[in-house]
Amino acid sequence: MEKTTHIAVIPSAGLTHLVPIIELSKRLLELCPDFHVSCIIPTLGSPSSSTIAYLQTLPSNIHPIFLPPVHEKDINAPQKDQPPHIAVQVQRVVTLSLPFIHEELESLISRYGLVALVADTFALEALDIASELNILSYVYCPFSAMAVSLYLYAPKLEKKISLEFRDLRDPIEMPGCVRIQGRDLIDSLQDRSNIVYKQFLERCRRINLADGVLFNSFPELETETIKALQEEFKGKKPQIYPIGPILQNGSLSRSDEQNNNGSDCLKWLNNQRPRSVLYVSFGSGGTVSQDQLNELALGLELSGKKFLWVVRAPSKFTSAAYLDTSNDLNPLDFLPEGFLERTKEKGFVITSWAPQIQILSHSSTGGFLSHCGWNSVLESVQNGVPLIAFPLFGEQRMNAVLVTDGLKVGLRPKVNEKGLVEREDIAKLVKSLMEGEEVKEIHARMKDLRDASADALREFGSSAKTLCEVALKWKDLGGIGK
Ligand code: UDP
């Protein structure tokens with residue numbers, strides 16, 4: 001009788017957290033079709049239409065289970081005039097969902113002999129339940145080996161260093177990683193008095209206790225970092241599994257109107273010269289201030305280069321569009337006066353979801369000004385497109401350091417004392433990325449990384465090998481015949 005190995009995965013609230021863990025599940029099932037994955041989904045309010053549309057595309061051996069929704073009033077602190085930090089909100093949704101997670105896990109264990117739980121980094125409290133119920137516990141970090149190193153070493157760093165990380169003069173050193181200034185570490189570590197800091201360290205502690213850490217990078221990309229992690233954790237918990245690159249499905253468009261918008265921009269790209277267009281996007285949730293929006297617009301104009309820009313309405317919160325909350329603002333109303341008219345021969349502006357993978361793989365695209373979300377970095381690598389690193393929040397500054405100082409496949413603008421990147425600097429960097437001498441080397445390195453990424457994804461490449469290794473461990477624990 002054929003045996004099915006059953007595992008569960010738990011994302012945290014929001015499509016941005018759901019997609020990586022589902023894409024990991026899809027990759028697992030591609031390699032091991034005799035697996036079944038239950039995806040236990042904590043939600044804030046009702047699931048968005050894009051979440052439902054995305055889940056409808058799943059194969060039958062991935063089974064989504066929505067937990068009873070948490071309500072906004074339960075996660076917002078009433079005393080403040082602004083909502084809690086996004087990380088606190090996301091974490092709180094999971095905390096409030098724990099009794100339901102417990103129930104679901106118990107039921108899956110008794111019905112299917114569930115062997116392991118893989119949790120997203122904001123759903124780590126669920127791992128305590130996994131240990132209590134005697135199943136293996138894993139974390140999926142959809143980010144770089146360097147960011148994983150920070151999660152694993154942060155408890156030690158915090159003991160060793162008493163100053164605020166942002167005030168350190170000397171760069172921080174983590175085994176196998178490029179040196180990084182304290183102010184470029186993840187946002188959560190920038191203020192010791194903030195609850196976000198304490199919650200981050202608590203997450204680090206939990207990751208250190210897991211049976212394994214799966215993450216979205218590969219040895220050909222972050223060779224030294226992965227080597228150092230594997231040496232450090234050889235024979236101990238957590239086991240280190242670089243299973244990337246797991247690339248997200250580029251057809252994640254959100255509505256017909258957005259599809260039209262997306263296909264118009266591809267038509268526009270078809271009419272441009274090879275590698276002549278700079279693609280500008282801050283991911284699924286990144287927003288900039290009105291002042292930064294002006295500088296960016298005027299910098300792009302000043303560069304004289306062609307651009308394809310996914311514009312979002314400004315906000316004082318850099319992660320404003322993150323939790324699927326929509327607003328009715330028209331982003332075009334916030335652009336500098338006359339900008340669209342003056343740049344109509346040079347630029348194409350898109351105000352909604354862009355078909356990013358198609359854009360990056362298009363022959364007209366020659367550069368990517370990106371917030372350095374890790375998926376965007378990997379997609380750029382996969383397509384050999386060099387970057388301008390314009391990080392906004394989360395671990396994006398770490399990714400920017402990796403892209404520019406570590407991998408040396410991108411340029412990073414200076415930020416002035418008001419926290420703004422000025423138009424002249426943007427124009428200078430855009431020009432040098434699209435035509436300058438120094439980009440020859442950047443292009444050559446990007447090409448090597450593109451090939452390395454393709455190698456990792458081959459049938460017997462490092463990605464498949466590592467994921468199969470962990471899958472085999474799960475399989476050995478048994479399963480229930482079907
Ligand atoms: N994305 C897209 N169109 C958009 C914005 C984002 O297809 O208009 C996709 C992009 O290809 C990537 C993901 O959404 O796969 C964004 O992930 P990333 O890690 O770069 O940034 P985040 O959104 O998590 O900040």
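Computed from the coordinates by the stated procedures, all read-outs in this text should not be read as laboratory data. Everything numeric here is computed off the predicted structure, so don't read it as measured data. Positions of Cβ are generated from backbone atoms using ideal geometry, with glycine treated the same way; all protein chains shown enter the neighbour counts.
Quick one: Kirkwood hydrodynamic radius for the chain, alpha-carbon pairs, angstrom, one decimal?
It is 23.1 Å.
Where does each of M398, M174 land when they are ranked from fewest to most other beta-carbon atoms within 10 angstrom? Don't skip to the end; give the middle numbers.
On the way: M398 26, M174 20.
Going from least to most buried by this count: M174, M398.
I'm checking a number: the convex hull volume of the Cα atoms of segment 8-60, normalised per residue, in Å³. What is it?
Convex hull volume per residue, Cα atoms: 68 Å³.
Normalised by the empirical 2.2 N^0.38 Å for globular proteins, what value does the Cα Rg of segment 45-111 take?
Working: Rg = 14.9 Å, N = 67, 2.2 N^0.38 = 10.9 Å.
Expressed relative to 2.2 N^0.38 Å, the Cα Rg reads 1.37.
When the Kirkwood radius is taken over all Cα pairs of segment 256-453, what Stokes-Einstein diffusion coefficient follows at 25 °C and 0.890 mPa s, in µm²/s?
Using the Kirkwood radius from Cα pairs, D works out to 147 µm²/s.
Please compute the modelled spin-label separation between I195 and H71, points set 7 Å along Cα→Cβ, answer in nm with one decimal.
It is 1.9 nm.
Let me have the relative contact order for segment 65-128, percent, based on Cα pairs under 8 Å that are six or more residues apart.
33
Once you've got the Cα coordinates, tell me which of K3/K227; K160/K227; K316/K414; K344/K418; K159/K234 are over 28 Å apart.
Beyond 28 Å between Cα atoms: K3/K227; K344/K418.
Relative to the longest principal axis of the chain, what angle (0 to 90°, nearest 10) does the C-alpha long axis of helix 423-435 take?
80
For a footprinting-style exposure proxy, rank E437, E106 by other Cβ within 10 Å, fewest first. Please report the intermediate quantities before stating the final value.
Numbers: E437 7, E106 14.
Placing the least packed residue first, the sequence is E437, E106.
Given the Cα-Cα distance of L340 and E103 and 0.36 nm per residue of separation, how much length would full extension add, in nm?
Extra length available between L340 and E103 comes to 79.9 nm.
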